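I have placed the structure first, in the form of C-alpha cells, so that the comments after it can refer back to it.
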Amino acid sequence: MEGKCAFNYEKIIIGFAFIVCQFLSVRGDVHYYDFVLKEINVTKLCVNKTILTVNGLFPGPVIRVHKGDTVFVNVTNEGNYGVTIHWHGVKQPRNPWSDGPVFITQCPIQSGSNFTYKVIFSDEEGTLWWHAHSDWTRSTVHGAIVILPEEGTSYPFPEPHGEEVIVLGSWYTGDLNMEVNEDLEEGADIPHSSGFLINGELGDFANCSRETTYRLSVDYGKTYLLRIVNAVSDDQIFFAIAEHNLTVVGLDASYVKPFVTSYIMISPGQTMDVLLTANRPLGHYYMASREFLTEEANQDHNNGSAIIEYCGDYNFSSSPIFPHELPQILDMKAALRFTGFIRSLANEDYPVDIPMNITTRMFITVSMGELCKNRTDCDVNAGPNNILVSSLNNISWANPTVNVLEAYYRQVNTLLP
Ligand SMILES: [Cu+2]
C-alpha cells in the first residue's frame, strides 16, 4: 500500500491523458455548471414545508447549450437525501455513466459529497429537462435544458422575438417520498397532487397563491417560443392560453411539422416547443393547466394558472380571461385529436430514418391486474389482500441473463440469450 502523499507519476500521467481525452472527445463548446442540492422553506396552499432544490431555485436553473455541446455539471449535495440527476432525453451515445438513474448507472450522491456529470449533446435540438432520479425527489429537483441550433444555423421556422421556459409541475403538501413508500407497501395508487404549478406557482385559483402567480409580459405583435416542460410527477396535462392559438414546432428536442392548435396535451416527462403570437387585444389572459385522465379515477381537480400580460397603456379588464379552450379532465377525444396532429418534420435538413422493411411482427399486450397478497385468501373484488400488478404478455418481470451496463463495461458482445 502506498503512502497517502506519495507521488504516483503513473496516476498523474493517466489522469492528464484522461483530461486531454475528455476535451479531445468534445465536439462543440464546453460549459460548466455548479448544482448545489439544498433544502429551502416554501409556503404553498397556506402550509409551510421544506423541499429539496438545486441552488435554492424551484424550478431549478436552466442549462443552455447549442446542439453538439458538452456540459460538465458538478453536483454537490448539501441536502439530507442521497440523489442523482438524470438528463432526460439526452441520448449520450456511449456515455451511460453520466445518465443518472440511481442504482442503475451510479449510487446516490450522498449528503456532503459531490459528483461531476459529463453530459454530451448529440443530435438533440429544442428543449429537454433534467431531474433528480432517486425515488420521487424529482417533484422539486428539476429544470429545463435549452438546446439552441448549432452556431451559424437557425430554427426551421422564423426566428422568434423572445422565448420563455414554462415548467409544469405538481405540488404535494405532504412528504411525497414517504407517501409513495406507504402506497407501494399496500399496492395502492400513487399519491395525488395538491395542485398544479406553472413555473413553480399554483396561480390565482389556489389558496394563498394569488400574490405569487407567475406572469409573463408580452409585446403586441411579437412571437415567443414557449419551451414547455411537463415535470408533473405522474399526470398528462392539458394546457391552453385564453384566446390565443399555439403553433407546435417541436417535441422532446426534435422538430415536428408545425401545426396550430388551441390547446396542447403533454405527457409527464415530455417537452414541447410552441410558438405564441401576441396578436389579441391588449389585456391579460390566463394560461392554465389541467390534468387529463383516461378514466374516472381520483382526480386532482385544481387547475394550475399563470397570466400573460400585454405591455402598454390600457385599462385592465377586471380579471384575466380563462381559456375556455382547455379540455375537460376526461376529454379523451381532445387528447387523441391533439396527438393525431404530430408528425416529424422529416425534410431534407432534418431527415428521419425509419426502418421500412419489417421482418418480425410482435404482438404485445400491456395489462394491469390484481394478485393475492398472501396467495391463499383471494378477494374477487379489490380488497386489502390484493396487490396491483402490471405485465407485458402476462410476464411481470424477466431477469436479463447479462446486465446490459455490465456487458458494456466488460465489453461482452453476447447480450441476447
Ligand atoms: Cu426523466
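How about region 39-95: which strands (runs of 3 or more DSSP E) wholly inside it have at least 3 residues that are in contact (Cβ under 8 Å) with a residue 60 or more places away in the chain?
47-54, 63-66
Could you check GLY89 against (1) within 16 Å of the ligand (Cβ to nearest atom); (2) more than 15 Å from the chain's Cα centre (by Cα) and say which number it fails?
(2)
Filtering region 398-417 down to residues that are aliphatic (A, V, I, L, M) and modelled with pLDDT of 80 or more, which residue is nearest to PHE103 (Cα to Cα)? Write out each step before concluding.
Taking region 398-417 as the starting set, the residues that turn out to be aliphatic (A, V, I, L, M) are 398, 402, 404-405, 407, 412, 415-416.
Filter once more, keeping what is modelled with pLDDT of 80 or more: 402, 404-405, 407, 412.
Working: VAL402: 16, VAL404: 14, LEU405: 12, ALA407: 16, VAL412: 21 Å.
Once the filter is applied, the top-ranked residue is LEU405.
Count, please, the residues in region 114-172 that happen to be in a strand (DSSP E or B), polar (S, T, N, Q) and out of contact with any Asp or Glu (no Cβ under 8 Å at 6 or more places or on another chain).
Total meeting the criteria: 2.
Of GLU125, GLU78, GLU150, which residue is away from the ligand (no atom under 13 Å from the Cβ) and buried (at least 19 other Cβ atoms within 10 Å of the Cβ)?
Values: GLU78 fails: buried (at least 19 other Cβ atoms within 10 Å of the Cβ); GLU150 fails: buried (at least 19 other Cβ atoms within 10 Å of the Cβ).
Only one candidate qualifies: GLU125.
Residues checked against (1) in contact with a helix residue (DSSP H, G or I) (Cβ under 9 Å, 6 or more places away or on another chain); (2) of a type in the set (Asp, Glu); (3) under 29 Å from LEU197 (Cα atoms):
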position: THR76; (1), (2), (3): no, no, yes
position: ARG94; (1), (2), (3): yes, no, no
position: PHE103; (1), (2), (3): no, no, no
position: GLY112; (1), (2), (3): no, no, no
position: VAL146; (1), (2), (3): no, no, yes
position: GLU151; (1), (2), (3): no, yes, no
position: SER154; (1), (2), (3): no, no, no
position: GLU159; (1), (2), (3): no, yes, yes
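Condition first: acidic (Asp, Glu), within 16 Å of the ligand (Cβ to nearest atom) and either in contact with a strand residue (DSSP E or B) (Cβ under 9 Å, 6 or more places away or on another chain) or farther than 30 Å from TYR310 by Cβ (or both). Can you find one or more residues in region 128-145 that meet it? Full working, then the answer.
Keep residues of region 128-145 that are acidic (Asp, Glu), which gives 135.
Going one step further and asking which of them are within 16 Å of the ligand (Cβ to nearest atom), we end up with 135.
Of the ones still in play, those that are also either in contact with a strand residue (DSSP E or B) (Cβ under 9 Å, 6 or more places away or on another chain) or farther than 30 Å from TYR310 by Cβ (or both) are 135.
The answer is yes, given that some residue of region 128-145 is acidic (Asp, Glu), within 16 Å of the ligand (Cβ to nearest atom) and either in contact with a strand residue (DSSP E or B) (Cβ under 9 Å, 6 or more places away or on another chain) or farther than 30 Å from TYR310 by Cβ (or both).
Could you check region 94-120 and list, in sequence order, the residues that are of a type in the set (Phe, Trp, Tyr) and more than 16 Å from the ligand (Cβ to nearest atom)?
From region 94-120, those of a type in the set (Phe, Trp, Tyr) are 97, 103, 115, 117; that's our starting set.
Answer for region 94-120, where residues must be of a type in the set (Phe, Trp, Tyr) and more than 16 Å from the ligand (Cβ to nearest atom): TRP97, PHE115.
Spot the failing condition for THR140; the list is (1) buried (at least 24 other Cβ atoms within 10 Å of the Cβ); (2) over 25 Å from GLY195 (Cα atoms), and only one is missed.
The failed condition is (2).
The values are calculated or read from the model by the stated rules, or taken from the named source; none is laboratory data. Keep in mind that what you see is a predicted model, and the values were worked out from it rather than measured. Neighbour counts are summed over all protein chains in view; Cβ atoms, including those assigned to glycine, are modelled from backbone coordinates with ideal geometry.
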